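Working notes for the structure below.
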Amino acid sequence: MISVENLKVEFSVKPLFADANFVINDKDRIALVGKNGAGKSTLLKILCGMEQPTAGTVAVPSDTTIGYLPQVMKLADHTTVREETRKAFSNHTEIQERLSRLNAQLAERTDYESESYMELVEKFTQEHERFQMMGADNYEAEMERTLIGLGFSRMDFDRPTSEFSGGWRMRIELAKLLLQKPDLLLLDEPTNHLDIESIQWLEQFLAQSAKAVVLVSHDRAFINHVTSRTLEISCGHIIDYKVKYDEYVKLRAERREQQLRAYENQQKEIADMKVFIERFRYQATKAVQVQQKIKQLEKIVPIEIDEVDRSAMHLKFPPCLRSGDYPIICDEVGKSYTHLVFEHVNFTLKRGEKVAFVGKNGEGKSTLVKCIMGEIPFDGTLKIGHNVQIGYFAQNQAQLLDESLTVFETIDRVAKGEVRLKINDILGAFMFGGEASEKKVKVLSGGERSRLAMIKLLLEPVNLLILDEPTNHLDMGSKDVLKEAIKAFDGTAIIVSHDREFLDGLVSKVYEFGGGRVKEHLGGIYDWLKEVPQTSNLTSQPLPASSTPSPATGGKGAGLYAERKEKQKKIRKAEKEVKECEEKISKLEARIREMDSLLCQPEHAADMELIMEYTSTKKVLDEENDRWLLLSEKLEETQRELM
């Protein structure tokens, strides 16, 4: 579909990459990987035509459409969510307006037998058929389904976009991009502003509905679930691995071992040549051989070794005071603004526990963290235990750094003991290697400041860690270093994150935020994901057994149990109906795509039987989409009754 030949990009003396050759085929799912600054975002911009390479070509067929989601973009703030998302269907709107004008003209005419009237009828018929073939009748339902999948509620649809944070507005842009159904989707860190449920929905959408996809992401689980091919930018080259990310990691390690062996052999060869040249440089009988060795030495092309993977580096928090047995006790804690955020929050954290706060954005995870930190008032009682020393990481921590210092000086001031000898290694592990360590804090980007604040926190003696979205600006190697440090940490940790791979094996308890409540789930992140009912309707799971009252209590308890069991039964039935409806919609959409392809072929353009089937299938699809909306609303209502 898209062919890249001899691509070269250089911004300084050394090119980002050169002699890049690869092809993006229809239905390809490609992960674009490489260290920060390797040129991943630049390559995406070149593929979509926003930037031009220094040399080489990107051949894109004229009828191929490309959709690009950058990490940062200017967002509209003068429309509602629905109006902004509807812009994805601008072609539909234009045709609708033309049909309205043509219809108005037909209504005004009375010369039904005239040639011009018949031409007008023919024009209206053609436009109307084109409108139908574009899926005109069900695009509103498709739009709503996409917005709900990305975490919006129906109540959000008519709210102004200006009321939403930058992360939610990026979701609107992502929704618009997905609804346009381009031939190639280019996604730069699409999960940065998504919660776990929305990430899972996006994974399934890309797997089932998207055409070709090239994505940059530091979310290992997301990449593994979506992609089946890996393009790596390393040492100025682009290497194509026809495997999933996890398999690529193994192949890359093998490749680096081969490079190391070849490099060592080359270095030995160079050393032997230099010894020979120095030994016989001034002997006339060896002059010819010496000159040959000198020429051979000049022709040697140094073997490059892929960037060192620092994920094996170990980093430990410095020793600190032992805290009390219960660092945090929440008793009937609640918080409201103009609306209820949460209420009746009751839990006790034991010393040494590592727990995750999860749930959709806006459900109160960061709000409860601020309550624990004493930054905002709240209802109820929240006790901080004896000798608790809190290390807190949030995005605003980056704003508290001393701008007059360099990166190295910032860390040098907090490092103690033997850690001082490893400062450069630590900075390298968090993408501040080489000259970057001498940058002044005042010139760092927001992401770089966040990483620096994280390193600073890792070197401070604390016994309670509270990390609010700590992985947003870290690459995979840096996340591995951080994860290992937290696993080895003797104290207590609260981690607010949507990164499943980061949380896996790190936490032993999950607190789920939603609907004004905080529910405790024992086990790791994937245990929780298996338990919870998937409100995104992607999969149907039974309610967690821990939330089901036992019938053994008798009396009123048994009555409540029976009532709850009946409601669970209704939920399972509603989930089954939604799933069956989605499967039917998927089959109808597949058939329509087949007929679309056939009708584009000249030999089928006037096939009346095919056209009639197309029209009837579209009608059934529209009915099923309407039915899906009703069933989804019914399911949501039933789930709310159980909460």
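The values are calculated or read from the model by the stated rules, or taken from the named source; none is laboratory data. Computed from a prediction, not measured in an experiment: that's the story for all the values here. Glycine gets a Cβ as well: all are built from the backbone with ideal geometry, and neighbour counts include every protein chain shown. The area values use the complete protein model at the heavy-atom level, side chains included, leaving out ligands, DNA and RNA. Shrake-Rupley method; radii C 1.70, N 1.55, O 1.52, S 1.80 Å.
One line per residue, one yes/no per condition, for (1) open to solvent by less than 30 Å² (accessible area, probe 1.4 Å); (2) part of a strand (DSSP E or B); (3) on the phi < 0 side of the Ramachandran plot; (4) not acidic (D, E):
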position: K456; (1), (2), (3), (4): no, no, yes, yes
position: L465; (1), (2), (3), (4): yes, yes, yes, yes
position: P470; (1), (2), (3), (4): yes, no, yes, yes
position: I495; (1), (2), (3), (4): yes, yes, yes, yes
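What pairs come up if the first residue lies in segment 113-127 and is surrounded by 10 or more Cβ atoms within 10 Å (Cβ to Cβ), the second is polar (S, T, N, Q), and their beta carbons are under 9 Å apart, counting only those six or more places apart or on different chains?
Close Cβ pairs satisfying both conditions: Y117/T110; L120/Q105; F124/N103; F124/Q105.
Report, by residue number, each residue of segment 15-64 that is assigned to a strand (DSSP E or B) and either under 24 Å from the mean Cα position of the chain (by Cα) or of a type in the set (A, V, I, L, M) (or both).
Looking only at segment 15-64, we keep the residues that are assigned to a strand (DSSP E or B), and these are 17-24, 29-33, 55-59.
Those that are assigned to a strand (DSSP E or B) and either under 24 Å from the mean Cα position of the chain (by Cα) or of a type in the set (A, V, I, L, M) (or both): A18, A20, V23, I24, R29, I30, A31, L32, V33, A55, V58, A59.
Pick from K416, K383: which is more than 33 Å from the chain's Cα centre (by Cα) and within 30 Å of T348 (Cβ to Cβ)? Don't jump to the end; show me each part of the working.
Details: K416 fails: within 30 Å of T348 (Cβ to Cβ).
The unique qualifying residue is K383.
Anything in segment 282-300 that is aliphatic (A, V, I, L, M) and over 60 Å from the mean Cα position of the chain (by Cα)? List them, or say none. Break it down into steps so the answer makes sense when it comes.
Going residue by residue through segment 282-300, those that are aliphatic (A, V, I, L, M) are 284, 287-288, 290, 294, 297, 300.
Selection gives A284, A287, V288.
Within segment 162-186, how many residues are among the polar types (S, T, N, Q) and buried (at least 20 other Cβ atoms within 10 Å of the Cβ)?
So the answer is 0.
Where residues in segment 11-31 are open to solvent by less than 30 Å² (accessible area, probe 1.4 Å) and in contact with an Asp or Glu (Cβ under 8 Å, 6 or more places away or on another chain), which of them is modelled with the highest pLDDT?
Only one residue fits best here, namely F22.
Quick check on segment 568-589. Is at least one of its residues within 19 Å of L147 (Cα to Cα) and modelled with pLDDT under 75?
no
Which of the residues that make up segment 192-212 are under 12 Å from F222 (Cβ atoms), open to solvent by less than 10 Å² (accessible area, probe 1.4 Å) and not hydrophobic (A, V, I, L, M, F, W, C)?
Hit for segment 192-212 is S198, nothing else.
Give me the pairs: first residue in segment 578-602 and assigned to a helix (DSSP H, G or I), second residue open to solvent by less than 50 Å² (accessible area, probe 1.4 Å) and among the basic types (K, R), beta-carbon distance under 8 Å, and six or more apart or on different chains, which are they?
Filtered contacts from segment 578-602: I592/K618.
Which ones in segment 63-112 are farther than 19 Å from M143 by Cβ, of a type in the set (V, I, T) and open to solvent by less than 70 Å² (accessible area, probe 1.4 Å)?
If the condition is that a residue be farther than 19 Å from M143 by Cβ, of a type in the set (V, I, T) and open to solvent by less than 70 Å² (accessible area, probe 1.4 Å), then T64, I66 are the ones that fit.
Checking F502 against (1) over 26 Å from D402 (Cα atoms); (2) open to solvent by 10 Å² or more (accessible area, probe 1.4 Å); (3) part of a helix (DSSP H, G or I): exactly one of these is not met. Which one?
If we test F502 against (1) over 26 Å from D402 (Cα atoms); (2) open to solvent by 10 Å² or more (accessible area, probe 1.4 Å); (3) part of a helix (DSSP H, G or I), just (2) comes out false.
Being modelled with pLDDT of 90 or more, under 15 Å from C235 (Cβ atoms) and surrounded by 16 or more Cβ atoms within 10 Å (Cβ to Cβ) is the requirement here; does V4 meet it? Lay out the reasoning, then the answer.
Numbers: modelled with pLDDT of 90 or more: yes; under 15 Å from C235 (Cβ atoms): no; surrounded by 16 or more Cβ atoms within 10 Å (Cβ to Cβ): yes.
Judged against the criteria, V4 is not a match.
Tell me, yes or no, whether segment 473-482 has at least one residue that is modelled with pLDDT of 90 or more, closer than 30 Å to S153 by Cα and within 19 Å of the chain's Cα centre (by Cα).
no
Which is among the hydrophobic types (A, V, I, L, M, F, W, C), at pLDDT below 90 and outside any helix (DSSP H, G or I), of A210, A262? Let's see the steps before the verdict.
Numbers: A262 fails: outside any helix (DSSP H, G or I).
Among A210, A262, only A210 is among the hydrophobic types (A, V, I, L, M, F, W, C), at pLDDT below 90 and outside any helix (DSSP H, G or I).
Determine whether I270 is within 30 Å of K299 (Cα to Cα), in a helix (DSSP H, G or I) and of a type in the set (V, I, T). Even if it seems obvious, please write down each step before you answer.
Working: within 30 Å of K299 (Cα to Cα): yes; in a helix (DSSP H, G or I): yes; of a type in the set (V, I, T): yes.
Spelling it out, I270 is indeed within 30 Å of K299 (Cα to Cα), in a helix (DSSP H, G or I) and of a type in the set (V, I, T).
Considering S323, S311, which residue is buried (at least 16 other Cβ atoms within 10 Å of the Cβ) and modelled with pLDDT under 85? Step through it out loud before you land on a result.
Numbers: S323 fails: modelled with pLDDT under 85.
Answer to the selection: S311.
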